[in-house]
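Read the structure below first, then the notes.
The values are calculated or read from the model by the stated rules, or taken from the named source; none is laboratory data. Being a predicted model, the structure only gives us computed values, none of them experimental. Ideal geometry is used to build each Cβ from the backbone, glycine not excepted, and the neighbour counts take in all protein chains shown.
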Amino acid sequence: MEIGLNHYLVLSTILFAIGLVGVMKRKNLLLLFFATEILLNSVNIAFAAISHYYGDLTGQMFAFFVIAIAASEVAVGLGLLIVWYKRHGNIDLETMTSMRG
Amino acid sequence: MLSPINVSMESLNLMTLAPMLIPVVGALLILVIDIIKGGLHKSLYVVLSLLFLAMDFVAVADSSGVFMANGTTLGLFDVMLIDGLAILAQFIIVGASMLFIPLAMTHKRFHEFSYPEFFALFLFMIAGFQFMVATDNLILVFVGLETSSLALYTLIAMHNRDKSFEAAVKYFTMGALAAGFFSFGAMVFYALTGSVEINKIALVLAANGYADMGFVLIGVAFFLAAFGFKLSLIPFHTWAPDVYEGSSAAMAGYMSIVPKIAAFVVAMRFFEFLVHSGIVWLDVVLYIVVVITMTASNMWALVQTDVKRMLAYSSISHAGFVMAAILIGTTQANAALFLYWILFSFTNLGSFSMLWVSRQKHLPDYQSSDHSYNKFAGMIKTAPIASVIMALFMLSLAGLPPFALFWGKLYMISSAVTGGYTILALIMALNSAIAGYYYLKLIVYMFMKEPVQGNDGHVYVANATLALKTIIGIAAIGTIFAFVAINPILEFVTAFVYNSGY
């Protein structure tokens with residue numbers, strides 16, 4: 001069977017769904033960051049595949065920007081996580097309830 | 001063998017980049033100064049930031065002159081797009097930032113302002129917002145959005161209290177989710193049209209008559225979610241009250257204005273062609289979101305015990321009110337959006353600054369939170385001028401004539417009526433009436449109640465310095481004398497919006 005554009009798009013959608021469920025369900029901050037990485041990188045797969053399909057480089061450019069942004073996002077996120085861990089000794093989202101929305 | 005690429009400098013039109021480069025240069029300069037000589041007083045950095053923001057403002061004014069003469073300008077391989085919306089939004093962004101930065105000159109020492117990085121990040125954030133509004137390209141929108149958001153998370157966390165870290169982490173998680181939604185939405189439209197530029201997407205979709213309607217709707221849903229997070233539209237608003245409570249009052253006021261106008265402009269660019277394409281589904285969804293955001297957040301605001309949380313919910317409600325302009329989609333409505341937001345910046349920044357000057361380091365026993373209602377009980381007896389100014393901002397937020405936001409609400413509702421949304425206009429008017437109740441609740445506390453034992457009124461101006469008083473004075477003057485400036489501002493805004501085709 002030939003692997004076509006649709007396969008990539010389906011893969012990307014499945015990964016996005018996994019990432020989304022992870023963001024919703026994970027209570028550990030570190031695993032939540034993993035989930036956001038899956039979320040953003042699933043889009044990269046689709047961008048690269050569509051870009052190849054159209055023979056147009058814009059999608060790959062977008063994917064590179066997404067990679068860069070995902071990396072810097074994790075840098076900021078880990079900074080916040082380290083400060084939280086130093087103060088509280090855990091990285092559990094359940095403990096962040098001093099304010100109720 | 002690749003042939004060398006020849007690009008003439010003329011075609012790059014580097015002048016379109018000037019307004020964004022000025023704050024970037026300023027931020028780098030601040031970092032360099034800190035490396036060469038550390039431990040300088042924060043007033044130097046405040047003045048430097050103000051200076052660069054003023055230069056930025058002049059650069060934006062300059063490009064507005066170019067726009068008036070030549071119309072929309074493209075630059076840098078057609079990635080930059082300087083049209084009326086971009087210029088108006090940049091005026092609001094830079095202007096509100098200039099009003100914000102002197103709020104760092106507090107009487108008490110706060111952690112974040114002792115770091116020069118605070119000011120550097122602040123300027124980087126402004127550059128990010130400016131990139132976000134001055135482009136048609138979804139890549140640059142995404143980059144600008146994330147530059148500014150990442151800086152903003154850090155600025156919130158730098159307040160260095162437990163609640164601010166919690167707020168930063170919550171905002172970060174929501175922001176990361178919004179980034180995922182945005183990029184997925186962009187991917188869907190790239191798959192449909194083979195382009196990431198909004199005007200080309202619109203052209204291709206119109207040319208094939210919205211053939212893949214299902215996929216268009218999926219893409220729109222993802223974008224709506226992404227903008228919903230940034231604009232705190234219900235049901236994506238859950239972060240807003242916590243983040244506002246956790247960050248400093250000045251930062252909360254800033255967050256209710258500047259990030260939202262940037263997101264509004266992108267939403268306007270993106271939804272404009274979709275609203276006019278006659279997709280019924282989108283109209284219905286936007287209608288529901290607007291109505292629920294306005295109404296439900298008003299209900300929540302009624303039951304808050306903390307003034308800052310009340311103002312957070314009121315900001316959500318105002319965002320829903322303004323989102324109606326994007327649903328209506330006429331030139332009049334879009335112009336009303338900008339008018340409303342200019343007036344709202346003065347009023348809301350003023351009311352949050354009033355909370356900021358009354359910020360204590362340690363909570364007395366009778367206060368359950370930083371700005372609980374009973375802190376303001378009997379304020380008229382101990383701090384008459386401050387309480388009158390606070391009441392003024394509350395009346396303006398409630399939309400009482402002749403204060404600033406009355407005119408904003410008036411033009412917004414009248415644009416809804418002329419746009420054929422009579423029921424929406426009625427709901428908007430009703431909501432203004434409901435909102436009046438909780439603003440009046442604070443006024444009742446200030447004017448009718450007895451002060452709590454042990455509150456000698458010093459607390460209301462605990463943090464006041466000349467710089468803070470000046471900003472509050474400017475906001476108050478803007479709020480009271482808005483009626484003088486309404487017509488010129490409206491003509492200016494309408495000309496810009498109309499000439500850029502929205």
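Yes or no: A:Ala68 more than 8 Å from chain B (Cβ to nearest Cβ) and either on the phi > 0 side of the Ramachandran plot or not hydroxyl-bearing (Ser, Thr, Tyr) (or both)?
Considered against the rule, which asks whether it is more than 8 Å from chain B (Cβ to nearest Cβ) and either on the phi > 0 side of the Ramachandran plot or not hydroxyl-bearing (Ser, Thr, Tyr) (or both), A:Ala68 comes out as yes.
Which condition does B:Leu123 not pass, out of (1) farther than 30 Å from B:Ser500 by Cα; (2) modelled with pLDDT of 95 or more; (3) not aromatic (Phe, Trp, Tyr), if it passes all the others?
All conditions are met except number (1).
If the Cβ limit is 7 Å and pairs must be 6+ apart or interchain, which residue in segment A:25-49 that is more than 9 Å from every other protein chain (Cβ to nearest Cβ) pairs with which residue that is of a type in the set (S, T, N, Q) and assigned to a helix (DSSP H, G or I)?
Note: pairs meeting the criteria are A:Ile45/A:Ser12; A:Ala48/A:Gln60.
Kindly list the number of the only condition in (1) among the β-branched types (Val, Ile, Thr); (2) over 20 Å from the mean Cα position of the chain (by Cα); (3) facing another protein chain (nearest Cβ under 9 Å) that fails for B:Ile201.
(3)
Could we say that B:Lys361 is touching a residue at least 12 places away in the same chain (Cβ under 8 Å), assigned to a loop (DSSP other than H, G, I, E, B) and more than 29 Å from B:Gly84 (Cα to Cα) here?
Spelling it out, B:Lys361 is indeed touching a residue at least 12 places away in the same chain (Cβ under 8 Å), assigned to a loop (DSSP other than H, G, I, E, B) and more than 29 Å from B:Gly84 (Cα to Cα).
Taking the condition of being farther than 14 Å from B:Asn13 by Cα and either among the polar types (S, T, N, Q) or in contact with a Lys or Arg (Cβ under 7 Å, 6 or more places away or on another chain) (or both), how many residues in segment B:34-84 meet it?
3
So which pairs qualify, if the first residue must be in segment B:29-46 and modelled with pLDDT of 90 or more, the second must be small (Gly, Ala, Ser), the Cβ gap must be under 6 Å, and the two must be at least 6 apart or on different chains?
B:Ile30/B:Ala120; B:Leu31/B:Ala120; B:Val46/B:Ala104
For segment B:119-140, enumerate the residues that are more than 11 Å from every other protein chain (Cβ to nearest Cβ), assigned to a helix (DSSP H, G or I) and in contact (Cβ under 8 Å) with a residue 60 or more places away in the chain. Write out each step before concluding.
Kept after step one, since they are more than 11 Å from every other protein chain (Cβ to nearest Cβ), are these residues of segment B:119-140: B:119-120, B:122-136.
Those still in the list that are assigned to a helix (DSSP H, G or I) too: B:119-120, B:122-133.
Scanning segment B:119-140 gives B:Phe119, B:Ala120, B:Phe122, B:Leu123, B:Phe124, B:Ile126, B:Ala127, B:Phe129, B:Gln130, B:Phe131, B:Met132, B:Val133.
Which residue out of B:Ala252, B:Ala211 is within 14 Å of chain A (Cβ to nearest Cβ) and either buried (at least 23 other Cβ atoms within 10 Å of the Cβ) or outside any helix (DSSP H, G or I) (or both)?
On the way: B:Ala211 fails: within 14 Å of chain A (Cβ to nearest Cβ).
Only one candidate passes the filter, namely B:Ala252.
Given the options B:Lys375, B:Lys361, name the one that is of a type in the set (Lys, Arg) and surrounded by 24 or more Cβ atoms within 10 Å (Cβ to Cβ).
B:Lys375
Here are some residues: B:Leu400, B:Leu410, B:Leu424. Which one is among the hydrophobic types (A, V, I, L, M, F, W, C), surrounded by fewer than 22 Cβ atoms within 10 Å (Cβ to Cβ) and not in a helix (DSSP H, G or I)?
B:Leu400
Quick check on this structure: which one of B:Ser183, B:Ser149, B:Ser195 is outside any helix (DSSP H, G or I) and either facing chain A (nearest Cβ under 9 Å) or surrounded by fewer than 22 Cβ atoms within 10 Å (Cβ to Cβ) (or both)?
Going through B:Ser183, B:Ser149, B:Ser195 in turn, just one is outside any helix (DSSP H, G or I) and either facing chain A (nearest Cβ under 9 Å) or surrounded by fewer than 22 Cβ atoms within 10 Å (Cβ to Cβ) (or both): B:Ser195.
Among the numbered conditions (1) facing chain A (nearest Cβ under 10 Å); (2) in a helix (DSSP H, G or I); (3) in contact with a Leu (Cβ under 9 Å, 6 or more places away or on another chain), tell me where B:Glu166 comes up short.
Unmet for B:Glu166, out of (1) facing chain A (nearest Cβ under 10 Å); (2) in a helix (DSSP H, G or I); (3) in contact with a Leu (Cβ under 9 Å, 6 or more places away or on another chain): (3).
Over 25 Å from B:Val196 (Cβ atoms), facing chain B (nearest Cβ under 10 Å) and part of a helix (DSSP H, G or I): which single residue out of A:Gly79, A:Gly59, A:Gly19 fits that description?
Matching residue, one of A:Gly79, A:Gly59, A:Gly19: A:Gly79.
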